[in-house]
Amino acid sequence: MDIFSVIMLLGGLAFFLYGMTIMSNGLKKMAGSKLETILKKMTSNRFKGLLLGAVVTSVIQSSSAVTVMLVGLVNSGIMQLGQTIGVIMGANIGTTITAWLLSLTGLEGSNIFVKLLKPSTFAPILALIGVLLIMAAKKEKKKDIGTILLGFAILMSGMESMSDAVEGLEQMPEFTQVLTFFDNPILGVIVGAVFTAIIQSSSASVGVLQALTSTGKITYGISIPIIMGQNIGTCITSVISSIGANKNAKRVTAVHISFNLIGTIICLSVFYIANAFLHFGFINDAIGPLGIAVCHSIFNVVTTVLLFPFCKQLEKLARLVIKDKEEKEEYTFLDERLLSTPSFAIPASKDEAENMARLAKKAIEDAVMLLEDYSQEAYEKIVELEEKLDVYEDKLGAYLVKLSAKELNRDDSDLISKFLHTISDFERIGDHALLIAKGAKEAAEKNMEFSAEARKEIKVLVQAVKDIIEITIDAFINDDVALADKVEPLEQVIDDLKAELKKRHVNRLQQGQCTIELGFILSDLLNNCGRVSDHCSNIAVCVIQIKETAFETHGYLNEIKTSGEQSYVRRYERYKGRYTLPE
């Protein structure tokens, strides 16, 4: 093996890793935010979690990505430690799919069907199809399929290059001498773990081992300990990702390491003790790529079967290793680890955006209640709500900007745009809620009261504002266009109420029935209610136009208000009749 073979081997590994990366990214993009919905439904018990881990890892072709995602979800408080254990076990089974695909390189035979199954035959075809889809397809999903096919073709080409690079090694006495060291299974486990930790991919590590089998010098006895070590080495990714995370997130890594370490100790011990008595005849036989895939699968399935009944004990072990401290556990708002897997970052962002919407709604509802029954305690809660909304806008906005830079499908990209267009409206609604509360506070501290007539009029306006905020938030959370269509007519009615209330106040002022000081408070209240309805209108229009390429809010509003559209007119008249001021 000369320097050119070494270069070819490293180049093949580079192609393998690159192909794996772009194929995985394409699969994640196609899966979109649906994965997190499945996650919530399927982690209710460990059996569903096991199935979920296997399926998700098979889909995105990376057990490391799944583990990092779990660390991020636990660190954010979205998942509990116990929910992740089944998923981790399932991920170990799901990652064996790659080894089975790579085992196709070992197919031998002159039959045309066998030749078609060899990577050297179908990889160039897949690459061509992938490139054509990327260049010519108009639909985004077809382009994603092209990316997946191209990534898979590059991966298989890298595998072929590695196999070609190691040809002739069997003729080298130095290579044969090195292999004698691996008669010691402990050394095999260590080498498998270290190599996998360095390249941070158990799939790539298994692929290299499968490539080496082409020399005919890799036996079952050599490969089995290395395969077990590879499962331990893949834990390095979760170890790195848990740096700086909270205690529970670090325990996810502890569970991952414990599971693979205990499984290796048990399986290795049982295998070699049994061999001491039964003397397995195959242990010195040469192993091929298919044999590697079979051993890899058997080890992961057996380990899962053995340890699955002990999920609670693994959780206790993790808590014993990572002990609790007296201070309260803090959770990270939208952990940035999730950004590496947008399929999970997008739904997490959606949850926080919906929480922000509910906070804005509560702030308005609590603020208008102060107009009738003021209390300092209730006022302080509104101040807290407004501060929370400020934090949401800053942190969620920054997170969404980072997320928007990722490779997203059309639906997820539209969803991010929707959030970016609306979070400032929610924050401003919180500001106006605080201003309404401040008006109520001023009136209470100065013992000022509106007249009975003014109170009845304000009550009608307040009810309309409460209704428009409820309709808007429901439309936003449920992505309900039909409900969003009801917002603009009600916003117009609130504008009419606001104008009429100002007119009536001026009349009372002229008749000496109201004071200028109360007039300032009323004017502020009317303006804030009007601004709240305006922001509700912005949010509703965003929901309606979510599938458009641009959000032309003002153009849309002008059109529906001036076009005389019958549905708009009917709703406007209905709301006008419902929110009628007393004579």
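The values are calculated or read from the model by the stated rules, or taken from the named source; none is laboratory data. Source: prediction; values computed, not measured. Cβ placement follows ideal geometry from the backbone for every residue including glycine, while neighbour counts extend to all protein chains displayed. Accessible surface areas use protein heavy atoms only, side chains included; no ligands, DNA or RNA. Shrake-Rupley method; radii C 1.70, N 1.55, O 1.52, S 1.80 Å.
Shown for region 473-516 is the translational diffusion coefficient from the Stokes-Einstein equation, using the Kirkwood radius over Cα pairs, a temperature of 25 °C and a viscosity of 0.890 mPa s: 193 µm²/s.
In the assembled protein chains, SER340 presents an accessible area of approximately 60 Å² (probe radius 1.4 Å).
Packing around the peptides 16-23, 89-96, 221-228, 281-288, taken as the average count of other Cβ atoms within 10 Å per residue, puts them in this order, highest first: 89-96, 221-228, 16-23, 281-288. Of the solvent-accessible surface of region 370-418, computed with a 1.4 Å probe over protein heavy atoms with every protein chain present, carbon and sulfur atoms account for 45 percent.
Using a Förster radius of 25 Å, what is the FRET efficiency between LYS139 and SER404 based on their Cβ-Cβ separation? Nearest 0.05, please. Step by step, r from the Cβ atoms, then E = 0.75. Computed over region 291-450, the range of Cα coordinates on each principal axis works out to 85, 43, 20 Å, biggest value leading.
Annotation note: trypsin sites (Lys or Arg not before Pro) in region 392-424 located in DSSP loop regions with a Cβ neighbour count of at most 12 within 10 Å are absent. Residue separation of SER424 and ASP394 scaled by 0.36 nm, minus their Cα-Cα distance, works out to 9.9 nm of gained length. For the pair LEU128 and PHE520, label points projected 7 Å from Cα toward Cβ lie 8.1 nm apart.
About the centre of its Cα atoms, region 284-376 shows a dipole size close to 480 debye [charges on the beta carbon of Lys, Arg (+1) and Asp, Glu (-1) only; nearest 20 debye].
Filter the trypsin sites (Lys or Arg not before Pro) in region 301-382 to those in DSSP coil with at most 11 other Cβ atoms within 10 Å of their Cβ, and list the result. Sparse-neighbourhood loop trypsin sites (Lys or Arg not before Pro): LYS323, LYS325, LYS328. In the full protein context, region 294-450 carries 51 Å² of accessible surface per residue, based on a 1.4 Å probe and ignoring ligands, DNA and RNA. Using R₀ = 45 Å, calculate the FRET efficiency as 1/(1 + (r/R₀)^6) where r is the Cβ-Cβ separation of GLU380 and GLN200; round to 0.05. Here the calculated transfer efficiency is 0.35.
Net charge in the neighbourhood of LYS312 (other residues with Cβ under 15 Å of its Cβ; Lys, Arg +1, Asp, Glu -1) is +3. In terms of its C-alpha gyration tensor, region 282-380 has a prolate overall shape, because the principal axis ratio a/c (a ≥ b ≥ c, square roots of the eigenvalues) is not below 1.5 and a/b outweighs b/c. Net length available on complete extension from PHE277 to GLU387 is 32.6 nm, with 0.36 nm assigned per residue and the Cα-Cα distance removed.
For the pair ASP411 and GLU354 in one chain, pulling the backbone fully straight at 0.36 nm per residue adds 18.8 nm over the alpha carbon distance.
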